[in-house]
Amino acid sequence: MIRTLKTGASEQETKDSDRKTRQTVEAILDDVATRGDAAVRDLSIRFDKWEPQAFRLTAEEIQALIDGLPPQVIEDITFAQAQIRRFAEAQRATMTELEIETLPGIRLGHRLIPVASVGCYIPGGRYPMVASAHMSILTAKVAGVKRVIGCTPPLNGRAPAATIAAMSLAGADEIYVLGGIQAVAAMALGTETIQGVDMLVGPGNAFVAEAKRQLYGRVGIDLFAGPTETLVIADETSDVEICATDLLGQAEHGPTSPSILLTSSAKIAEGIEDEIQRQLERLPTADVASVAWRDHGQVILVDTDEELLSEAERIASEHVEVLTRDPRWFLERMTNFGALFLGPRTNVAFGDKVIGTNHTLPTKKAARYTGGLWVGKFIKTVTYQEVTTDAASAMIGEYGSRLCAIENFAGHKEQADLRVRRYGGRNAP
């Protein structure tokens, strides 16, 4: 039996909020498209109170920011980037070009071509997300993207030094201190001083996510992203402290971040609320996490592992922690998730910051049809064909001609018929 002991916000409340965001973003994108740099500057002043002489940092400015950081910060960033690079390179190695002869004289193949230019948004504000520089800029560079630019908002009226260091060490070709919708719009649409890109990637708030959604088609994007999500799957071998800690660890992202406890343990389900409240009393980000848990937290109690599995598949969460006696049972059976974190020694924070996998992941049930950002997202798999003999051209032409006729494509049919006539098919005059 599946019982929902705590529910989150209604679907209608979410739709109303999304509608207001869409309208705001549409107006700002139109403004940037029309006025370019002038609009970007006005918006930066309006939203971030930020009006530098130039949004793009010079090499000297970047180096000065790096030099001002403690050595431990640089060492930690370098360590994290080494893990992400190692995994991205291993993923890239699984991708190979292909050419086969499917029939005598007929060669088919595909090439792997990196996107030419990518714009990476690195969120800031309350949480300057240093790790997003590794996940986007570094991964794009491993994929072979020639031009990778990054935008990140100012932090308390200054360039965020640690984020800038991470962007530079990851290999960014251009770094801009610029935030919000205006940054995403400038990268996608281009302005007088910012050359547009072919693809946008990176997480952000609801406005950044909506801007990427509206720009999709004019540029590529990594995925459609909503507020970050976490699902903790626990049985009686887990404990309420670790469940609450890991739920709040994602709830602190923002007041609309869903955190769901899915458990077959009545003890954990009944004890989670008291433990959440106990931890909130000492959590520095409780002002955000408490609202997210109150409005979007859920507790679901089931009886069996099979029900744990079926509910997890239905939820299709971005992050899924499996705190059960046999976590790999779920690895072998689950299909709808952004990333899995198996066992109590693992957690979402490891994946978000340092362990090596990418933290830009599908939300809002998109895990049903896509994975997250990875090196392959930056690579186009494009096909080619070559017919090398007269006989092969005429043979394929005969089949092609008849198939085109079925579909009433006269021009297509003539392309096939011309090859039959020219290269000597059996029915050629």
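What to note about this one:
- When each of the peptides 130-142, 267-279 is scored by how many other beta carbons lie within 10 Å of its residues on average, the order from highest to lowest is 130-142, 267-279.
- Note on residue 239: accessible area is roughly 70 Å² with a 1.4 Å probe, heavy atoms of protein only.
- The tail of the calculated P(r) for the stretch 46-204 beyond 29 Å holds 24 percent of all Cα-Cα pairs.
- Diffusion coefficient, µm² s⁻¹, Stokes-Einstein with Kirkwood Rh over alpha-carbon pairs of the stretch 1-85 at 4 °C and 1.567 mPa s: 72
- Dipole moment magnitude, nearest 20 debye, the chain about Cα centre, only Lys, Arg, Asp, Glu C-beta charged: 1420
- Debye log10 I(q)/I(0) for the stretch 113-228, one point scatterer per Cα, at q = 0.11, 0.15, 0.21, 0.22 Å⁻¹: -0.29, -0.55, -1.14, -1.26
- Placing unit charges on the Cβ atoms of the charged side chains and taking the dipole of the stretch 201-251 about its Cα centre, the candidate lying farthest along the positive direction among 240, 251, 208 is 208.
- Pairs of Cα atoms nearer than 8 Å and 6+ residues apart set the relative contact order; for the stretch 295-339 it is 44 percent.
- Rolling a 1.4 Å probe over the heavy atoms of the protein chains gives the chain an accessible area of 49 Å² per residue.
- Dimensions in Å of the stretch 102-171 - Rg and Dmax from alpha carbons: 17.8, 67
- Only Lys, Arg, Asp and Glu carry charge here, each on its Cβ (+1 for the first two, -1 for the last two); on that basis the stretch 219-325 has a dipole of about 300 debye about its Cα centre.
- With distances taken between every two different alpha-carbon atoms, the chain has a Kirkwood hydrodynamic radius of 24.2 Å.
- Label-point separation in nm, residue 35 to residue 108, each point 7 Å along Cα→Cβ: 5.3
- Between the stretch 59-108 and the stretch 186-217, the C-alpha centres lie 22 angstrom from each other.
- Percent accessible area from carbon and sulfur atoms, the chain, protein chains only, probe 1.4 Å: 53
- In this structure residue 384 has an accessible area near 70 Å², from a 1.4 Å probe over the protein heavy atoms.
- Between 71, 160, 255, the residue with the greatest mean-square fluctuation in the GNM of the chain (Cα pairs under 10 Å linked by springs) is 71.
- When +1 charges are put on Lys and Arg Cβ atoms and -1 charges on Asp and Glu Cβ atoms, the dipole computed for the stretch 238-295 relative to its Cα centre reaches about 60 debye.
- Across the stretch 136-147, coupling constants 3J(HN,Hα) worked out from phi with the 6.51/-1.76/1.60 Karplus curve, θ = phi - 60°, read 9, 5, 4, 5, 4, 5, 4, 5, x, 5, 6, 10 Hz, and Gly and Pro carry x.
- All other residues whose Cβ lies under 12 angstrom from that of residue 154 are scored, Lys and Arg at +1 and Asp and Glu at -1, for a net of 0.
- Sparse-neighbour loop sites [GluC sites (Glu not before Pro); the stretch 305-349; at most 14 other C-beta within 10 Å; DSSP]: none
- Residue order for 176, 127, 369 - accessible surface, 1.4 angstrom probe, largest first: 369, 127, 176
- Under 28 Å from residue 49, Cα to Cα: lysines that are on another chain or at least 8 residues apart: 20, 212
- Ranked by the mean number of other Cβ atoms within 10 Å per residue, highest first, peptides 82-89, 109-116 order as 82-89, 109-116.
- Hydrophobic, long helices, defined as DSSP H runs whose alpha-carbon span along the helix axis is 27 Å or greater and whose mean Kyte-Doolittle value is at least -0.5, occur in the chain at 71-93.
- Rolling a 1.4 Å probe over the protein chains gives residue 260 an accessible area of about 20 Å².
- The stretch 155-311: translational diffusion in µm²/s, Stokes-Einstein, Kirkwood Rh over Cα pairs, 4 °C, 1.567 mPa s: 71
- For the stretch 345-421, the orientation-averaged shadow of the C-alpha convex hull comes to 10.0 nm² (one quarter of the hull surface).
- Debye intensity ratio in log₁₀ form over the Cα atoms of the stretch 188-240, taken at each q of 0.13, 0.18 Å⁻¹: -0.46, -0.65
- Relative contact order (percent, whole number), the chain, Cα cutoff 8 Å, 6+ residue spacing: 19
- Surface listing: 75, 210 arranged by accessible area from highest to lowest gives 75, 210, probe 1.4 Å.
- Figure note: 18, 198 ranked by solvent-accessible area, largest first, 1.4 Å probe, ligands and nucleic acids not counted: 198, 18.
- Remark: relative contact order (the stretch 243-377) = 22 percent; criterion is Cα-Cα distance under 8 angstrom and separation of 6 or more residues.
- 19 Å cut-off, amide nitrogen to a point 7 angstrom out along residue 402 Cα→Cβ, residues in the stretch 88-108: 103-104
The values are calculated or read from the model by the stated rules, or taken from the named source; none is laboratory data. Computed from a predicted structure; not experimentally measured. All Cβ positions, glycine included, derive from the backbone under ideal geometry; neighbour counts span all protein chains shown. Ligands, DNA and RNA are stripped out before the accessible areas are found, and what is left, the full protein with its side chains, is counted by its heavy atoms. Shrake-Rupley method; radii C 1.70, N 1.55, O 1.52, S 1.80 Å.
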